[in-house]
Amino acid sequence: MAGLTPLAGAAPWVTGYYPGWEQTSMPASNIDFSTITQVIHFSVIPAANGTLDSTDGSISPTGSAAVVAAAHSAGRQALICVGGSDSEPLFQDATTAANLLAFVGNLTNFMASRGYDGVDIDWEPLPSTDAPQFTNLVNRLRSALNGFPAHKLLTVAAGAYPPYGDSPTADYEMFASLQGQIDQINIMTYDLAGPYPGWVTWFNSPIYDGGYRFPSTGGLLPSADGAVSNYLTNGVAAAKLGLGVAFYGCLWTGGSGTWPACITGPRQSWTNAPTLTDLAYSDIMAAYYQSNLYQWDTNAQAAYLGITNLIPTNNIFISYDDARTCAAKVSYVRNRALGGLMIWELAQDHIGTQPGPLVQALKQAVATPGWTELRPSGPNMNLTFNSIALGSYGIQYKNNLTDAWSTLVVTNVSGGGGKLTVTDIGAATNQSRRFYRVQTPP
């Protein structure tokens with residue numbers, strides 16, 4: 001006799017950014033809230049006097065109403081983002097001692113009047129010299145949000161690594177000191193490569209560095225794992241962290257020198273720098289994807305396309321997150337007990353009215369190991385369940401419901417996932433009822 005219990009542990013959050021300018025091409029009603037747990041409406045901008053700037057029309061009252069209604073009808077949460085790329089000087093002005101209280105008041109009033117469930121701060125870049133003002137903003141905003149009857153979320157888009165030349169640990173230590181005030185610290189584990197002096201071609205959002213070091217400095221190349229480890233080492237709780245998923249990729253082309261046939265893959269150097277262009281996942285698939293061009297880098301856990309042209313300087317290397325990357329990132333989140341995942345941005349894998357393939361990949365990965373089967377085989381009991389790439393699963397059992405769980409085996413998936421069978425030797429001949437559960441991470 002044997003029984004099964006469900007997968008233990010809360011499912012990871014899947015927070016997705018949704019820019020206001022995308023609402024025409026992808027209406028809020030098309031967001032898959034069976035996968036997305038929080039949607040962040042991007043964005044309003046800080047103004048120097050503590051007011052908010054939404055004059056570009058991307059966050060209109062009508063747009064806000066559509067996002068909030070879609071989220072709430074699905075029992076999900078919608079947040080308003082403040083900031084964005086290159087917003088640092090605007091935040092610096094808005095959070096001075098003279099403007100901070102007005103800024104927080106304007107932000108919370110905007111949130112409440114539009115029906116949002118919280119605020120997301122996207123202060124970019126965020127060097128350590130901004131830490132005092134950022135800290136004041138977080139503390140004041142958290143205090144104001146606590147004044148609402150229902151809990152309002154406060155989330156942050158956090159850099160994967162400190163800005164160039166900054167303290168190697170100050171930002172991480174700042175987030176450690178503020179984590180009690182913040183619901184989600186979503187790490188922007190993308191934009192991790194560029195045609196900078198002393199660099200090599202590298203992935204936009206790799207999970208691992210693969211042990212590869214810069215020839216120029218000997219330092220490890222950036223990776224999601226490197227960033228996460230820095231946060232954890234400096235005291236940020238794993239459950240507070242979200243791992244970034246990029247719904248776009250980077251196209252490298254041009255350049256010449258060390259590799260005359262530049263550029264077709266990762267870890268290539270140059271004399272004359274190549275150029276980089278960001279492309280939505282949907283555009284990559286429509287314009288460049290062919291199965292014979294696809295490659296998977298096992299060490300970095302990253303997908304890419306390598307395209308060779310007649311003129312070598314027209315060769316192409318495209319690094320992007322695909323469905324396999326999404327599954328691998330879900331496994332990574334579980335194996336490191338992180339809080340969840342964050343997507344930039346939801347419309348980039350959207351084509352017409354069809355469900356986005358990357359959102360669907362995340363949904364399937366989060367759902368595993370949802371299908372399970374127990375089947376006796378002679379004296380043994382076989383437990384079969386669905387696994388995903390890089391998954392790490394702990395199979396536990398107890399002989400009656402009052403016992404503590406015991407570990408039968410911890411098993412790791414080295415390939416692309418699929419059905420996985422674990423055998424409990426001799427269990428089928430056991431006259432007592434045995435219960436099993438599958439955990440990830442163990």
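Among the residues making up segment 333-348, a single one is more than 18 Å from A389 (Cβ to Cβ) and modelled with pLDDT under 95: A337. Restricting to segment 213-268, and then to whatever is over 30 Å from N292 (Cα atoms) and β-branched (V, I, T), can you tell me which residue is modelled with the lowest pLDDT? Per the stated criteria, the residue is T217.
Any residue at all in segment 367-375 that is within 23 Å of the chain's Cα centre (by Cα), at pLDDT 80 or above and of a type outside the set (S, T, Y)? Scanning segment 367-375 turns up at least one residue that is within 23 Å of the chain's Cα centre (by Cα), at pLDDT 80 or above and of a type outside the set (S, T, Y).
Confirm whether D209 is within 23 Å of D349 (Cα to Cα), outside any helix (DSSP H, G or I), within 19 Å of the chain's Cα centre (by Cα) and among the charged types (D, E, K, R). Spelling it out, it is not the case that D209 is within 23 Å of D349 (Cα to Cα), outside any helix (DSSP H, G or I), within 19 Å of the chain's Cα centre (by Cα) and among the charged types (D, E, K, R).
Looking across segment 186-195 at every residue that is without any contact (Cβ under 8 Å) to a residue 60 or more places away in the chain and either touching a His at 6+ places or on another chain (Cβ under 7 Å) or buried (at least 21 other Cβ atoms within 10 Å of the Cβ) (or both), the one that is farthest from F134 (Cα to Cα) is identified as L192.
On the given criteria, is V200 touching a residue at least 40 places away in the same chain (Cβ under 8 Å) and over 15 Å from the mean Cα position of the chain (by Cα)? Spelling it out, V200 is indeed touching a residue at least 40 places away in the same chain (Cβ under 8 Å) and over 15 Å from the mean Cα position of the chain (by Cα).
For (1) on the phi > 0 side of the Ramachandran plot; (2) in the same structural domain as A28 (by TED's automatic domain parsing); (3) charged (D, E, K, R); (4) in contact with a strand residue (DSSP E or B) (Cβ under 8 Å, 6 or more places away or on another chain), each residue gets a yes or a no:
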{"position": "I80", "(1), (2), (3), (4)": "no, yes, no, yes"}
{"position": "P89", "(1), (2), (3), (4)": "no, yes, no, no"}
{"position": "D93", "(1), (2), (3), (4)": "no, yes, yes, yes"}
{"position": "F103", "(1), (2), (3), (4)": "no, yes, no, yes"}
{"position": "S113", "(1), (2), (3), (4)": "no, yes, no, no"}
{"position": "D122", "(1), (2), (3), (4)": "no, yes, yes, yes"}
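The one condition from (1) surrounded by fewer than 15 Cβ atoms within 10 Å (Cβ to Cβ); (2) under 30 Å from N30 (Cα atoms) that A102 does not meet is (2).
Inspection of segment 354-365 finds no residue satisfying the criterion of being loosely packed, with under 14 Cβ neighbours inside 10 Å, out of contact with any Cys (no Cβ under 8 Å at 6 or more places or on another chain) and either modelled with pLDDT of 85 or more or part of a loop (DSSP other than H, G, I, E, B) (or both). Looking across segment 40-83, just one residue is within 20 Å of L341 (Cα to Cα), assigned to a loop (DSSP other than H, G, I, E, B) and hydrophobic (A, V, I, L, M, F, W, C), and that is A74. The residues of segment 386-442 that are in a loop (DSSP other than H, G, I, E, B) and at pLDDT 75 or above, listed by number, are N399, N400, L401, T402, D403, A404, W405, I425, G426. Pairs meeting the criteria (first residue in segment 336-355 and of a type in the set (F, W, Y), second residue buried (at least 17 other Cβ atoms within 10 Å of the Cβ), beta carbons under 6 Å, at least 6 apart or on different chains) are W344/Y17. Considering every residue within segment 37-59, establish whether at least one is within 23 Å of D191 (Cβ to Cβ), touching a Lys or Arg at 6+ places or on another chain (Cβ under 8 Å) and in the same structural domain as V359 (by TED's automatic domain parsing). Yes: segment 37-59 contains one or more residues that are within 23 Å of D191 (Cβ to Cβ), touching a Lys or Arg at 6+ places or on another chain (Cβ under 8 Å) and in the same structural domain as V359 (by TED's automatic domain parsing). Per the listing V228, V236, the residue uniquely in contact with a Ser or Thr (Cβ under 8 Å, 6 or more places away or on another chain), of a type in the set (V, I, T) and in the same structural domain as V333 (by TED's automatic domain parsing) is V228. Please determine whether any residue of segment 286-306 is farther than 30 Å from Y18 by Cα, in contact with a strand residue (DSSP E or B) (Cβ under 8 Å, 6 or more places away or on another chain) and either outside any strand (DSSP E or B) or among the hydrophobic types (A, V, I, L, M, F, W, C) (or both). Among the residues of segment 286-306, at least one is farther than 30 Å from Y18 by Cα, in contact with a strand residue (DSSP E or B) (Cβ under 8 Å, 6 or more places away or on another chain) and either outside any strand (DSSP E or B) or among the hydrophobic types (A, V, I, L, M, F, W, C) (or both), which makes the answer yes.
If you go through segment 134-180 and keep only what is more than 19 Å from Q92 (Cα to Cα) and among the basic types (K, R), you end up with just K152. Checking the structure you have, find out if any residue of segment 250-267 is hydrophobic (A, V, I, L, M, F, W, C), in the same structural domain as S331 (by TED's automatic domain parsing), touching a strand residue (DSSP E or B) at 6+ places or on another chain (Cβ under 8 Å) and in a loop (DSSP other than H, G, I, E, B). Looking through segment 250-267, none of the residues is hydrophobic (A, V, I, L, M, F, W, C), in the same structural domain as S331 (by TED's automatic domain parsing), touching a strand residue (DSSP E or B) at 6+ places or on another chain (Cβ under 8 Å) and in a loop (DSSP other than H, G, I, E, B). If a residue has to be charged (D, E, K, R) and within 16 Å of G115 (Cβ to Cβ) to count, how many in segment 59-99 make the cut? The number of residues fulfilling the criteria is 1. Just one residue in the set I185, I207 is in the same structural domain as V236 (by TED's automatic domain parsing), of a type in the set (A, V, I, L, M) and under 15 Å from V156 (Cα atoms); that residue is I185. Scanning segment 84-99 for residues that are part of a helix (DSSP H, G or I) and crowded, with 22+ Cβ neighbours inside 10 Å yields F91, A94.
Considering segment 316-353, and only residues there that are among the aliphatic types (A, V, I, L, M) and assigned to a loop (DSSP other than H, G, I, E, B), the residue that is farthest from D191 (Cα to Cα) turns out to be A337. Does D403 satisfy the criteria of being among the acidic types (D, E) and either buried (at least 16 other Cβ atoms within 10 Å of the Cβ) or in contact with a strand residue (DSSP E or B) (Cβ under 7 Å, 6 or more places away or on another chain) (or both)? Here the answer is no, as D403 does not meet what is asked.
The values are calculated or read from the model by the stated rules, or taken from the named source; none is laboratory data. Computed from a predicted structure; not experimentally measured. No Cβ is skipped: glycine too gets one built from the backbone with ideal geometry, and neighbour counts run over all protein chains shown.
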